[in-house]
1. Just give me the residues in segment 146-166 being crowded, with 18+ Cβ neighbours inside 10 Å and modelled with pLDDT under 85, in sequence order.
2. Please verify whether segment 336-357 includes one or more residues that are in contact (Cβ under 8 Å) with a residue 24 or more places away in the chain, more than 29 Å from residue 145 (Cα to Cα) and touching a helix residue (DSSP H, G or I) at 6+ places or on another chain (Cβ under 6 Å).
3. Quick one: count up the residues across segment 305-342 that are touching a strand residue (DSSP E or B) at 6+ places or on another chain (Cβ under 6 Å) and in a loop (DSSP other than H, G, I, E, B).
4. What do you reckon, is residue 233 in a loop (DSSP other than H, G, I, E, B) and more than 16 Å from residue 117 (Cα to Cα)?
């Protein structure tokens with residue numbers, strides 16, 4: 001395999017993170033059958049009948065995600081999960097130039113974040129699709145955070161800035177003179193999200209102000225005092241409110257987690273609603289999660305994606321290198337789509353997150369109270385994260401293994417032809 005760039009032996013727990021990059025894609029076709037579902041949904045069947053799976057959130061529902069689109073308006077899924085794709089803004093972007101769409105006057109809400117500009121780089125419009133946006137934007141983040149591109153321009157010359165987000169604009173402000181360095185209208189932002197490798201990296205993509213060039217730029221920021229996920233969620237909520245105001249998105253029915261019987265929907269709701277009433281997406285069922293308390297030691301780069309001969313030396317190295325008083329008490333939240341590591345204290349701040357699909361190997365060390373999880377990073381390197389549990393790490397590994405199996409089964413359900421080939425191969429051997 002190619003030689004990896006030399007990296008620090010033991011990494012800080014906060015260096016590695018995976019998150020989602022969310023995309024709002026434009027829909028122009030009326031949904032009439034199961035082959036034309038809302039963006040991100042897929043149809044499957046089991047013994048109990050038909051069910052629908054949302055690829056980005058991993059959530060499942062028996063009710064078909066139905067959507068009536070009244071021309072020229074469009075609607076969009078309002079999932080709020082932190083998945084691995086970036087969120088896009090095509091509907092809102094298109095509506096910005098439509099004079100027939102009016103917005104309501106509301107009290108402006110101001111959200112302020114302290115950030116540093118890491119620069120911007122151009123990105124091709126064809127890379128801003130659902131399938132390619134996550135990889136493309138993460139590539140931009142990787143290049144800018146590592147200074148791969150020379151001569152990059154940075155807002156405020158890389159110094160601390162205020163990023164203010166209100167109901168209409170994203171502003172970059174010099175905190176010393178309180179002057180506006182850059183103003184970006186919210187509807188003009190095409191894609192935004194959080195870096196996979198570091199939860200402090202935030203990026204958004206927008207068309208350059210010189211419209212004659214038709215160039216899209218990816219702007220990347222480092223958020224030292226807050227999680228970039230907070231900025232992404234704030235932007236998502238503002239976009240959702242703007243779309244509701246402009247008639248591009250209907251308000252969804254809220255279902256409380258502690259009272260699932262509230263606001264039940266009729267199974268025949270498409271026929272029972274008049275043509276002039278928009279149909280909102282059904283609220284997906286929440287993923288089952290497991291929470292385990294343990295201790296996080298840190299992580300170290302490894303040369304290969306798996307194998308006990310790779311994992312156990314890495315676990316032993318970290319356990320002997322990191323002093324016990326530096327170990328962190330954490331809570332591991334495991335779901336079929338991801339596992340999230342958060343501080344086990346009053347703040348409950350997220351330390352890092354990993355999508356299940358990026359997990360390449362896990363196992364128990366020579367001492368069963370230690371275990372390691374190898375993650376495939378965005379730069380095609382591999383990190384082994386090390387945990388300590390009392391009396392052993394067996395339960396933690398079993399829970400993650402169960403999540404991997406469920407994720408694998410969903411992949412087989414989504415690709416039945418591949419599943420048949422795998423089954424044929426098993427029978428043959």
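1. Here is the first cut: in segment 146-166, the ones crowded, with 18+ Cβ neighbours inside 10 Å are 155-156, 161, 163, 165.
Scanning segment 146-166 gives 155, 156.
2. yes
3. Total meeting the criteria: 4.
4. It is false that residue 233 is in a loop (DSSP other than H, G, I, E, B) and more than 16 Å from residue 117 (Cα to Cα).
Yes/no per residue for (1) at pLDDT 90 or above; (2) more than 23 Å from the chain's Cα centre (by Cα):
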| site | (1), (2) |
| --- | --- |
| 349 | no, no |
| 374 | yes, no |
| 379 | no, no |
| 384 | yes, no |
| 388 | yes, yes |
| 418 | no, yes |
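The values are calculated or read from the model by the stated rules, or taken from the named source; none is laboratory data. Nothing here was measured: the structure is a model prediction, and the numbers come from that model. A quick note on method: Cβ atoms are made from the backbone with ideal geometry, for glycine too, and the neighbour counts reach across all protein chains shown.
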